[in-house]
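Engineer: Please find one structure pasted underneath; my questions will follow.
The values are calculated or read from the model by the stated rules, or taken from the named source; none is laboratory data. What you are looking at is a predicted structure, and each value in this text was computed from that prediction instead of being measured. Neighbour counts are summed over all protein chains in view; Cβ atoms, including those assigned to glycine, are modelled from backbone coordinates with ideal geometry.
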Amino acid sequence: MENKLTIALPKGKLFQPTVDLLSNCGMNTQELSDKARTLVFEDVQNKVQFIVCRPTDIPIYVEHGAADLGIVGKDSIIEAGKNLYELLDLKFGQCSFVLAAPRKQLSSEGEYPWKQGLRIATKFPTLAKDYLQKKGLQAEIIKLHGNVELAPRVGLAELIVDLVSTGKTLLENDLVPLEEIVHASARLIVNRASYRLKAERINKLLFEIKVNLKNEPKQD
Amino acid sequence: MCLLNGNGNNCKIPAGMRDWLPPEAGEKRALINSLLKNIALWGYQELSTPLLEYYQVLSKGEATSGPDNLYKLIERDGSILALRPEMTIPIARIIGCKMPGNPPWRLMYGEEVFRYELVQAGRQRGFSQVGVELIGEKGPEADSEVLAMAISSLKCIGLDKFTVSLGHMGVLNGLLDSLSWEKPLLDELRNLILEKDFVGLHQLLDSAGLDDYQKVGMLDLLTQPLSATDLKELISRFSGEIQAALLEISNVIEVLDIYGLSKYIQVDLSTLRSQDYYTGMVFEIYTAGIGYPIGGGGRYDNLLCQFGHDYPATGFALGIERLLLSLPQKSGQMKPILLVGDITKDIERPELINKANSLRTEGKPIILELKQLTKEQAEKLAIEIEADLLFWQGRKENGE
C-alpha cells in the first residue's frame, strides 16, 4: 500500500489510553491487544498499520522509518536521544523523573548532604548524566535494568534517579524525592522523512488528535 | 580462504567505517559518476581537496555550541589537523586563497567526508557526498539553479518519489530578533525548532510569557506546512526580515515552476541545517524508506568573508550511501568473460593474449586464463568466479 501509515504503539501501561485515543480518532482498534502474540495489526479501511512494541524501542522504530509515527512516554524519548520529531503532548501517562535519597540520610532540615564520590543508581543513565552536568554535580552513575529502589538499601548506591507516577514505590522503600528533574507524559513522535512525505495524512491525524484532547475532560 | 573468526583484532575496522566489496563498490562509483556527469551538464567543474585540513580552518563551519564532530590528529609541529566533515569549508578556503579567474564559480565534487558522531545504529562516520557550490551569485536565480540541479540529478539516477523541504534562515532570525531574550534562551529555542520538538517549543513559549497572539502566530509559522497560496498570504502578514525571506522563497519557487520542478518543493519554515553558516534559503531532501534526509543545502553568504572574500554563495550536497539505499535498481557492472584456451587444441599464448586484448578494446571485461584447460575444467572455473565462459579452440573452430 503506497500511502499506508505505520504507527508504533507501546506495550504496558500506556497501551490502553493510546488505543482509546486512536479509536476516538476513528480508527479500527478492535483487534488491537498488547497481550496477543501478533505484533502487527492492519486497519485496512483507514490504510493504517499498527505495530506493538516495547516503549523503549519505539523511538528506534520511528527514527529509522520502520514506523512513521509512534506514541511513547517522554522518558523513553529522552533516554533514546534519537533524531526524530516530537509533535504533540498527549497529556496521559503523566510521571516525573526524580532524584531520590533514603529518608534517614537527610539532615534535620530535610537537606541532602552532597559529598564527593556519590553513586546514583538508575535505569536512565543518559538523563542522569545530563542532569548532573547541568547542576554541576559529580557522581558515579550505575545503570540498572529495574527495581532501582533496591540499590540504596543494599549499599549499591547512595541516590537513585527514577520515574515516579504515584510515589508509592518511593514511600514503601523509605525514599524521599529531592528534586523533580523532568516532567514526562506520552508524546506523539514522527519520523523526519515521513513528516515530509506523508505530510497530509499526518497533519490530518494530528488535527483529529488535537480536537480529541480538547474535548476530553482533564484527567490525571 | 579467510575464516570468519580468523585473526581477531586484525579483522576489525573502526566504528562507523565500512568496507566496500563488489558489487557495491562499483555501484557506488557508478552513482557518483552519473551524478557528476549530470551536474557537469550545467557547466560545473570538478575539484578535489585533501582529506586532512587544519582544525582551525575546518572548525569555522562547525556549530559554535557543543562538542564538534571532527576526527582530530596532531601534526609533527604540534598543530591540530582534522578530517574534513564536509566540502563547503575546504572549497571556501580555496576560493579565499588560490582560485584562479573571477566569480561566479560553478564547482562540483564527489568526495569522502568524515564525522566523528556518537555511535548510533545505522549512522556511518565516513561517507561520500556529491555536491556543488555556486560562488559569487546571489538572488533567486542562483538559488533556483542549485535546487533545479539537485532535483534533476536525483531524477536522472532514477529516483522519483522525493520531497524537497524548503525554508529560509531569515524567518528564524527575524523571529529571534523580535524576541528580546537572553542568548541561552534563544539558543534553546533554535535547538527546539531544529529538532522539531514542538512540545518543548510550546512549553518554552509559555514559560517565556509570550501572549497568545504572538505564540500562535509563531507556532503556526513554524509548524504548519505551507502551500503556495498560504505563502502569498503570509508575505502580506509580515514585514522586515521575515517578509524578505518569504518573498525570496516565493521567487525561488517561481523560477522552479518554469523548470517544471516546483511539484517537488514543500515549503516548511522549520527546515534548518545544523551548520551555523547558512544565511538564506535552506533545504533538505527526503525520500520514502530513509529516515534521514538524503541531501540538503542552502545559501551561505557570510562564510567566504572569513576567508578574505565577500562572495555570496549557495550549494547542496547529496549523501551517496543513503541514495544507494533508496535506489531500486542499481547500475550493475558487466559480468566478466573468462577466456580459456582448449588444452586439446594446444593454443599458443600470443594468440590468446591478442584475443583478450582485442576483446578488451571492444569494451568487454576479460579475465584471461593462460593455463589451458579441458572444457569441463573451464566450465567449472567460470562458475566459481561467476563469469561467462569463452572457450577458445582457435579462430576456425570459434567461427572467425
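Engineer: Which ones in the stretch B:272-289 are buried (at least 22 other Cβ atoms within 10 Å of the Cβ) and facing chain A (nearest Cβ under 10 Å)?
Structural biologist: Across the stretch B:272-289, the qualifying residues are B:E284, B:I285, B:Y286, B:T287.
Engineer: Residues B:A30, B:A92: which one is in contact with a Lys or Arg (Cβ under 9 Å, 6 or more places away or on another chain), at pLDDT below 95 and surrounded by fewer than 18 Cβ atoms within 10 Å (Cβ to Cβ)?
Structural biologist: On inspection, the qualifying residue turns out to be B:A30.
Engineer: For the stretch B:157-186, give me the residue count where each residue is within 14 Å of another protein chain (Cβ to nearest Cβ) and either under 30 Å from the mean Cα position of the chain (by Cα) or charged (D, E, K, R) (or both).
Structural biologist: Residues meeting the conditions: 9.
Engineer: Given the structure, is B:L325 part of a helix (DSSP H, G or I) and within 30 Å of B:D143 (Cα to Cα)?
Structural biologist: Answer is yes for this residue.
Engineer: Right, here's the next one. For the stretch A:154-194, how many residues are farther than 19 Å from A:Q133 by Cα and either part of a loop (DSSP other than H, G, I, E, B) or free of Cβ contacts under 8 Å to residues at least 40 places away in the same chain (or both)?
Structural biologist: 14
Engineer: Sticking with this one: Here are the criteria: (1) closer than 30 Å to B:N191 by Cα; (2) at pLDDT below 90; (3) of a type in the set (D, E). Tell me which single one B:E24 does not satisfy.
Structural biologist: Here B:E24 meets the rest and fails (1).
Engineer: I'm checking my understanding of the structure. Among residues of the stretch A:169-200 that are within 10 Å of chain B (Cβ to nearest Cβ) and polar (S, T, N, Q), which one is nearest to A:L69 (Cα to Cα)?
Structural biologist: A:N191
Engineer: Scan the stretch B:296-310 residue by residue and report those that are of a type outside the set (S, T, N, Q), surrounded by fewer than 21 Cβ atoms within 10 Å (Cβ to Cβ) and touching a residue at least 24 places away in the same chain (Cβ under 8 Å).
Structural biologist: B:D301, B:F307, B:G308, B:H309, listed by residue number.
Engineer: To continue, here is another question. Scan the stretch B:237-251 and tell me whether some residue there is buried (at least 17 other Cβ atoms within 10 Å of the Cβ) and among the basic types (K, R).
Structural biologist: No - not one qualifying residue is present in the stretch B:237-251.
Engineer: In addition: From the list A:K91, A:K13, A:K82, A:K35, which one is within 12 Å of chain B (Cβ to nearest Cβ), farther than 19 Å from A:L205 by Cβ and outside any helix (DSSP H, G or I)?
Structural biologist: Being within 12 Å of chain B (Cβ to nearest Cβ), farther than 19 Å from A:L205 by Cβ and outside any helix (DSSP H, G or I) holds for just one of A:K91, A:K13, A:K82, A:K35, which is A:K82.
Engineer: Taking the stretch B:290-318, which residues are within 14 Å of chain A (Cβ to nearest Cβ), in contact with an Asp or Glu (Cβ under 7 Å, 6 or more places away or on another chain) and under 20 Å from B:E112 (Cα atoms)?
Structural biologist: B:P293, B:G296
Engineer: Quick check on the stretch B:121-156: of everything there that is small (G, A, S) and either within 14 Å of chain A (Cβ to nearest Cβ) or not in a helix (DSSP H, G or I) (or both), which residue is surrounded by the most Cβ atoms within 10 Å (Cβ to Cβ)?
Structural biologist: Checking each candidate, the answer is B:G131.
Engineer: Oh, and also: Let me spell it out: the conditions are (1) aromatic (F, W, Y); (2) over 29 Å from A:I120 (Cα atoms); (3) more than 13 Å from chain B (Cβ to nearest Cβ), and A:F97 meets all of them except one. Which number is the exception?
Structural biologist: Checking A:F97 against (1) aromatic (F, W, Y); (2) over 29 Å from A:I120 (Cα atoms); (3) more than 13 Å from chain B (Cβ to nearest Cβ), the one that fails is (2).
Engineer: May I pose another question? (1) at pLDDT 95 or above; (2) part of a loop (DSSP other than H, G, I, E, B); (3) out of contact with any helix residue (DSSP H, G or I) (no Cβ under 7 Å at 6 or more places or on another chain); (4) farther than 23 Å from B:E145 by Cα: which one isn't true of B:E112, the others all being true?
Structural biologist: Only one criterion is unmet by B:E112, namely (2).
Engineer: Could you count how many residues in the stretch A:133-149 are at negative phi and either without any contact (Cβ under 8 Å) to a residue 12 or more places away in the chain or among the β-branched types (V, I, T) (or both)?
Structural biologist: Here the count works out to 6.
Engineer: Please give the number of the condition B:L221 fails out of (1) closer than 30 Å to B:A288 by Cβ; (2) at pLDDT below 80; (3) out of contact with any Leu (no Cβ under 8 Å at 6 or more places or on another chain).
Structural biologist: (3)
Engineer: Let me ask another. Could you list all residues from the stretch A:167-196 that are closer than 27 Å to B:D197 by Cβ and β-branched (V, I, T)?
Structural biologist: A:I181, A:V182, A:I189, A:V190
Engineer: Condition test on B:L205, is it buried (at least 16 other Cβ atoms within 10 Å of the Cβ), within 14 Å of chain A (Cβ to nearest Cβ) and either under 30 Å from B:Q306 (Cα atoms) or in contact with a Cys (Cβ under 9 Å, 6 or more places away or on another chain) (or both)?
Structural biologist: Criteria not met by B:L205.
Engineer: Being touching a helix residue (DSSP H, G or I) at 6+ places or on another chain (Cβ under 8 Å) and surrounded by 14 or more Cβ atoms within 10 Å (Cβ to Cβ) is the filter; apply it to the stretch B:345-387 and report the residue that is farthest from B:M334 (Cα to Cα).
Structural biologist: B:L373
Engineer: Just the residues that are in a loop (DSSP other than H, G, I, E, B) and under 24 Å from A:K82 (Cβ atoms), please, taken from the stretch A:99-152.
Structural biologist: Of everything in the stretch A:99-152, those that are in a loop (DSSP other than H, G, I, E, B) and under 24 Å from A:K82 (Cβ atoms) turn out to be A:K123, A:F124, A:L144, A:H145, A:G146, A:V148.
Engineer: Picking from B:G319, B:G308, B:G341, which residue would you name as being farther than 21 Å from B:V132 by Cβ and assigned by TED's automatic domain parsing to the domain that holds B:K60?
Structural biologist: So the residue among B:G319, B:G308, B:G341 that is farther than 21 Å from B:V132 by Cβ and assigned by TED's automatic domain parsing to the domain that holds B:K60 is B:G308.
Engineer: Mind checking which residues of the stretch A:160-194 are among the acidic types (D, E) and surrounded by 16 or more Cβ atoms within 10 Å (Cβ to Cβ)?
Structural biologist: Correct list: A:D162 only.
Engineer: For the stretch A:38-77, give me the residue count where each residue is of a type in the set (A, V, I, L, M), in a strand (DSSP E or B) and within 14 Å of another protein chain (Cβ to nearest Cβ).
Structural biologist: 3
Engineer: Tell me whether the stretch B:252-260 contains one or more residues that are touching a residue at least 60 places away in the same chain (Cβ under 8 Å), within 14 Å of chain A (Cβ to nearest Cβ) and farther than 17 Å from B:L175 by Cα.
Structural biologist: No, because not a single residue in the stretch B:252-260 is touching a residue at least 60 places away in the same chain (Cβ under 8 Å), within 14 Å of chain A (Cβ to nearest Cβ) and farther than 17 Å from B:L175 by Cα.
Engineer: Same structure again: As an exercise: evaluate B:L189 against (1) within 14 Å of another protein chain (Cβ to nearest Cβ); (2) surrounded by 20 or more Cβ atoms within 10 Å (Cβ to Cβ); (3) out of contact with any Ser or Thr (no Cβ under 6 Å at 6 or more places or on another chain) and give the number of the one condition it does not meet.
Structural biologist: Here B:L189 clears every test but (1).
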